[in-house]
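Trainee: Encoded as structure tokens, here's the structure I'll be asking about.
Throughout, read-outs are computed from the coordinates displayed, never taken from laboratory work. The structure presented is a predicted model; accordingly, all values stated were derived computationally and were not measured. In this analysis, Cβ positions are derived from the backbone assuming ideal geometry, glycine residues included, and neighbour counts consider all displayed protein chains.
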Amino acid sequence: MDSKKIQLPREIHTGAGVIGKTGEICRDLRFKGKVLVVSGPKTLKIGGEKAIESLQNAGFEVDAFKISEASQKSVREIQNQLDGASLVLGVGGGKVIDVAKLASTKSNLHFISIPTAASHDGIASPRASIKDKNGTVSLEAQSPIGVIADTEIISKAPFKLLAAGCGDIVSNYTAILDWKLANRLLNENYSESASALSLMTAKLIIESADAIKEGLEKSAKLVAKSLISSGIAISIAGTSRPASGSEHKFSHALDEVAPKPALHGEQCGVGTIMMMHLHGGDWEFIRDTLKKMKAPTTAYELGIDPEHIIDALTTAHKIREDRYTILGDRGLTREAAESLATKTEVI
């Protein structure tokens, strides 16, 4: 008999000032003894110190470690710090959370995600994006046992990070279209429940586009909850399919060809515009929604040369070739890529 394991966060805490309850939350989850707080050079001051203080007040022995890149080297460095630890907490942006998540998975320890920005759905997903010699790869990891999203801290992060998070959520639309296509053509496993949650999350953020404003705690809460929901859809599916398709392939290809890539969610949003056009869907609606959220919709706004957009479109099908999308097995010709980017006004 086939069996399937779905790993979900046990507790999710969102709200202004909730990081001050970190110690209490960890104690309620029955952790004790030594814990490791992983953060970045900036995010240690933004949120890490508050989490450490709360943990110490709750009686925990706390070690802190700073990382600057999402690499296998950083993962190994964290693993070397885990002797005697009962729990790993990642306090920071995507790099910090992904590295802490993977290190805890490899060390068979629980992990709590404490995002200081709402820029992508790795906040609660069982995946980690890590750089290696071949570029950035998405690796399987455990879901966090808890998520502590302090919306006061998140609302004070640069607004472009929040807009990037919106782009990552909107990209669920084309991810689901690609997943359905693979199901029809290749009989790939497809989850109606994961798909429904993913689309509901994208629909909610689109319907709330006018309410997403800079510095507004309510906006931070909306985006953070949506990113967590998207991560849970990935856990239910047992694959990143509900939130990653051809638009993510385009973003990863852009990471490889562009000298200075934009934020992941920003690139996924622009990719969604073009991939929706390939699917024959309402790409103008996607573009206009992203504009409302003040997310980039053009190469110029991404700060990327149009030639790199075309290069990424022609090579995106080679990213994770086992994942079938609208890009097919052969990808786009240079002429088709240029036509697509021009028609959708990306270039």
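Trainee: Based only on Cα atoms, what mean projected area does the convex hull of the chain have, in nm²?
Mentor: Values: hull surface 66.2 nm².
So the Cα hull casts an average projection of 16.5 nm².
Trainee: Be a star and scan segment 220-235 for residues whose amide nitrogen sits under 11 Å from the point 7 Å along the Cα-to-Cβ vector of residue 211.
Mentor: Within reach of a label on residue 211, which here means backbone N under 11 Å from a point 7 Å along Cα→Cβ, segment 220-235 contributes 220-223.
Trainee: What is the extension gain from residue 285 to residue 49, computed as 0.36 nm multiplied by their sequence separation minus the C-alpha to C-alpha distance, in nm to one decimal?
Mentor: Numbers: separation 236, 0.36 × 236 = 84.96 nm, distance 4.20 nm.
Taking residue 285 through residue 49 to full extension adds about 80.8 nm, to one decimal.
Trainee: While we're looking at this one, here's another question. Of the peptides 172-181, 7-16, how do they stack up when ordered by the mean number of other Cβ atoms within 10 Å, highest first?
Mentor: Values: 172-181: 24.3, 7-16: 16.0.
The most tightly packed comes first, giving 172-181, 7-16.
Trainee: What is the spin-label model distance, in nm, from residue 139 to residue 204 if the labels are put 7 Å beyond Cα along the C-beta direction?
Mentor: Simple spin-label model gives 3.1 nm for this pair.
Trainee: By per-residue mean of other Cβ atoms within 10 Å, what is the highest-first order of 195-201, 340-346? Don't jump to the answer; show the numbers that get you there.
Mentor: On the way: 195-201: 20.0, 340-346: 18.3.
Put in order of decreasing packing, that is 195-201, 340-346.
Trainee: While we're here: Given 95/203; 249/318; 34/95, which pairs have Cα atoms separated by over 18 Å? Walk me through the numbers before you get to the answer.
Mentor: On the way: 95/203 27 Å; 249/318 8 Å; 34/95 23 Å.
Where the Cα-Cα span goes over 18 Å, the pairs concerned are 95/203; 34/95.
Trainee: Also: Hey, can you grab everything whose amide H is under 5 Å from the amide H of residue 149? Only 5+ residues off in sequence or another chain; H modelled, so Pro and N-termini drop out.
Mentor: Here 13, 14, 15 satisfy the definition.
Trainee: Tell me which residues come under 5 Å, amide H to amide H, from residue 40 once H is placed; ignore anything under 5 positions away on its chain.
Mentor: Excluding prolines and chain starts, which carry no amide H, the hits are 67.
Trainee: Find how much the distance from residue 4 to residue 330 grows on full extension, using 0.36 nm per residue of separation minus their present alpha carbon separation; answer in nm with one decimal.
Mentor: Here the answer is 114.0 nm.
Trainee: Please name whichever of 87, 153, 283 sits farthest to the positive end of the charge dipole of the chain, dipole taken about the Cα centre and charges placed at Cβ: Lys and Arg +1, Asp and Glu -1.
Mentor: 87
Trainee: Placing +1 on the Cβ of each Lys and Arg and -1 on the Cβ of each Asp and Glu in segment 159-343, which of 240, 325, 228 has its Cα farthest towards the positive end of the resulting dipole?
Mentor: Farthest towards the positive end: 228.
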